[in-house]
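No value in this document is a laboratory result; all are computed from the given coordinates. For clarity, every value in this text was computed on a predicted model and none was experimentally measured. Neighbour counts are summed over all protein chains in view; Cβ atoms, including those assigned to glycine, are modelled from backbone coordinates with ideal geometry.
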Amino acid sequence: MNEHDTLPYHLDPLPDEAAIAHARALAARLRERRTCRWFSDAPVPRAVIEAAIDAAGSAPSGANHQPWHFAVVSSPAIKRAIREAAEAEERRFYGVDSDDPKAGAEWLAALGPLGTDADKPFLETAPWLIVVFAQRKGGIEEDGQTQNYYVNESVGIACGLLLATLHEAGVATLTHTPSPMGFLRKVCGRPEWEKPVMIIVAGRPAPDATVPAYALRKKPLTQIASWL
Ligand code: IYR
């Protein structure tokens, strides 16, 4: 293949009725996704995680540089190290040992309905932690120098595809964002030009898992879309 070659692109059109039915079916399926904060230690096959990352890697990206890396953690020792470092940051964030939470009053109030706190047992309980890194530099060859473009947008889309694929496979997920999360680079042995973006926790919900009712409040289509 030469860099400037083109190839034909065909996408079989669906009849309108089928297109609408397919789109609605997938939307209904994705509507069932919940952020899960209570995981069991039940195993999930590695092949499921591999397929989800494969789906993520199909995302569109700036200049097709694919500026993402997924460090997949199942080692109990590494999961423990991540939990310990994350909880230390979260204790500062939530002000567990002080009267001066880093989060500030407004942020803490916004999190109130979600019921989150500094304890993150799921970082050890869940079978898989997918630590997502954004490559600020590197290009398609990952040389660590070439400029990358629209990195946040590209990685965000990839994470969306990953979450959708795991949900389709019946795997529960949590997008966890310890703050700050620079420690993840060291724990996962990633280079300095990569920025940790989030941890996607993946596994089976605990038998007594709950979700906050507030999280079910979704903005309706009439509010999130305008038609011009
Ligand atoms: N990183 C913290 C806080 C947190 C922040 C937001 I914005 C959330 O939507 C959820 C949590 C934590 O994980 O608890």
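Side notes on the structure shown:
- Test: Ala105 is aliphatic (A, V, I, L, M) and surrounded by 16 or more Cβ atoms within 10 Å (Cβ to Cβ): no
- Of all the numbered requirements in (1) out of contact with any His (no Cβ under 9 Å at 6 or more places or on another chain); (2) farther than 30 Å from Pro127 by Cβ, Leu14 misses one, and that requirement is (1).
- Selected residue (only one of Ala202, Ala158, Ala109, Ala118 is in a strand (DSSP E or B), out of contact with any Cys (no Cβ under 8 Å at 6 or more places or on another chain) and not β-branched (Val, Ile, Thr)): Ala202
- Residue selected from region 37-57 under the condition part of a helix (DSSP H, G or I) and of a type in the set (A, V, I, L, M), by the criterion surrounded by the fewest Cβ atoms within 10 Å (Cβ to Cβ): Ala47
- Restricting Ala81, Ala164, Ala86, Ala71 to those that are within 29 Å of Arg46 (Cα to Cα), touching a Leu at 6+ places or on another chain (Cβ under 7 Å), surrounded by fewer than 20 Cβ atoms within 10 Å (Cβ to Cβ) and in contact (Cβ under 8 Å) with a residue 60 or more places away in the chain reduces the list to Ala164.
- If you check Ile49, Ile78 for being farther than 17 Å from Pro180 by Cβ and under 16 Å from the mean Cα position of the chain (by Cα), only one passes: Ile49.
- Considering each residue of region 123-133 in turn, none proves to be farther than 24 Å from Leu163 by Cβ and within 16 Å of the ligand (Cβ to nearest atom).
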